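**Student:** Quick one: structure below, then a few questions.
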Amino acid sequence: MTANAPPGEPGVGPGPAQGTDPAAYDAVVLAGGAARRLGGADKPGVRVGGRALLDRVLAACDGARTTVVVAATRPTARPVTWAREDPPGGGPLAALDAGLRHTTAEHVVVLSADLPFLQERTVGRLLSTLRESAADGVLLTDPDGRDQPLVAAYRTRRLRETLALLADRHGGPQGLPLRRLTAELNLTRISDPVASFDCDTWDDIASARARIREHGHVLDEWISAVKDELGIDLDVDVKELLDLARDAAHGVARPAAPLTTFLVGYAAARAGGGPEAVAEAARKAVALAARWAEESTPGAPEAPKAPGDRPDVAPDATPDTRPDAG
């Protein structure tokens, strides 16, 4: 999905709009570059856990008011605004300058497109630390303590001012390394060895693919991939659904597990959707599975009957007239 906006003036951008939410933020994702260590492969499109690296990063900044991707346009799982440095291939500062022209929020999250383990909670941590400090930006460091300026949150105005300063000093941002920018800023650092992991080589890609298939990660990764693929943005109690599937499989039959969870989702959709609708449909199905299992247990006591109730017989049953009938 794409959403396009006209570029602003080089080196400048609009300030925060009056009346905007102070907690709102924009995101700029740098998805260009030659990916030389990947043999020139289309790195943002490389899949990890069934999802393109770019889509994984976009999911992490899903709370952004505006998300700008600086790269050639491509299909994405979420709507974005596309931007391009002029000329293309001008380096990270030129790309950042192009992306910032489309932002209006007071704070901006700046990300590279090769972060397979970045999650929304890490983006939230960067932003909350920035808002609680007087720093110009907050960035992650990798396990070796190196700065990761493309996994960071910044004050948008300070970025624009600093980029304009560097452009004036060097005749433009083209070809300048990121360290020229960070050297001019007052930065706070947060250590996060997982979220800061980026994929520069095929070995990195292989490591990321192996990690998400580990027992402790595979289910969350699969559910996230399915929601992205189906365009679903819904947080539900996964444990509750797994318990339901287990009860249906053990108390009824194995094929009952996937069919029951499908029917729960269908019923929740008909009830208007949302976590509450899923929870209510799952509760009813769990109760039914419990009743079903109870009836199928050998020696289970019969349900109590009211005084005067007749035994359970068909209404058209013929009385037994054998001589030894009791």
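The values are calculated or read from the model by the stated rules, or taken from the named source; none is laboratory data. Source: prediction; values computed, not measured. Note: ideal-geometry Cβ built from the backbone for every residue, glycine included; neighbour counts use all protein chains shown. Side chains included, ligands, DNA and RNA excluded: accessible areas come from the protein's heavy atoms. Shrake-Rupley method; radii C 1.70, N 1.55, O 1.52, S 1.80 Å.
**Student:** Report, by chain and number, residues whose modeled amide H sits under 5 Å from the one on Thr81, excluding near sequence neighbours (fewer than 5 apart, same chain).
**Tutor:** Ala3, Thr67, Val68, Val69
**Student:** While we're here: I need the Kirkwood Rh of region 47-157: take the reciprocal of the average 1/r across all distinct C-alpha pairs and report it in angstrom. Intermediate results must be reported in sequence, preceding the final value.
**Tutor:** Numbers: mean 1/r = 0.0687 Å⁻¹.
One over the average 1/r among Cα pairs gives 14.6 Å for region 47-157.
**Student:** Counting only protein heavy atoms, what percent of the accessible surface of region 63-213 is carbon or sulfur at a 1.4 Å probe?
**Tutor:** Working: 3060 of 6490 Å².
Within region 63-213, the accessible surface is 47 percent carbon and sulfur.
**Student:** Quick check on region 174-255: take the gyration tensor over C-alpha atoms, sort the square-rooted eigenvalues as a ≥ b ≥ c, and tell me if it's rounded (a/c under 1.5), prolate or oblate. All intermediate terms of the calculation are to be shown ahead of the outcome.
**Tutor:** Values: a/c = 3.18, a/b = 2.58, b/c = 1.23.
The shape class here is prolate.
**Student:** What length, rounded to one decimal in nm, is gained on full extension from Arg65 through to Ser191, with 0.36 nm per residue of separation minus their alpha-carbon distance? Can you show the working numbers first?
**Tutor:** On the way: separation 126, 0.36 × 126 = 45.36 nm, distance 2.60 nm.
Extra length from Arg65 to Ser191 when fully extended: 42.8 nm.
**Student:** For an R0 of 41 angstrom, estimate the FRET efficiency from the Cβ-Cβ distance between Asp42 and Tyr266 and round to the nearest 0.05. Write out the running numbers ahead of the final one.
**Tutor:** Working: r = 37 Å, r/R0 = 0.91.
E(calc), rounded to 0.05, equals 0.65.
**Student:** Another one. When the scattering of region 146-282 is computed by the Debye formula from its Cα atoms alone, each counted once and equally, what is log10 I(q)/I(0) at q = 0.09, 0.13, 0.14, 0.20 Å⁻¹?
**Tutor:** The calculated log intensity ratios at q = 0.09, 0.13, 0.14, 0.20 Å⁻¹ are -0.54, -0.81, -0.86, -1.17.
**Student:** Turning to a different aspect of this structure: Under a crude label model (7 Å from the Cα following the beta-carbon direction), how far is Glu132 from Arg291 in nanometres?
**Tutor:** About 5.0 nm, to one decimal.
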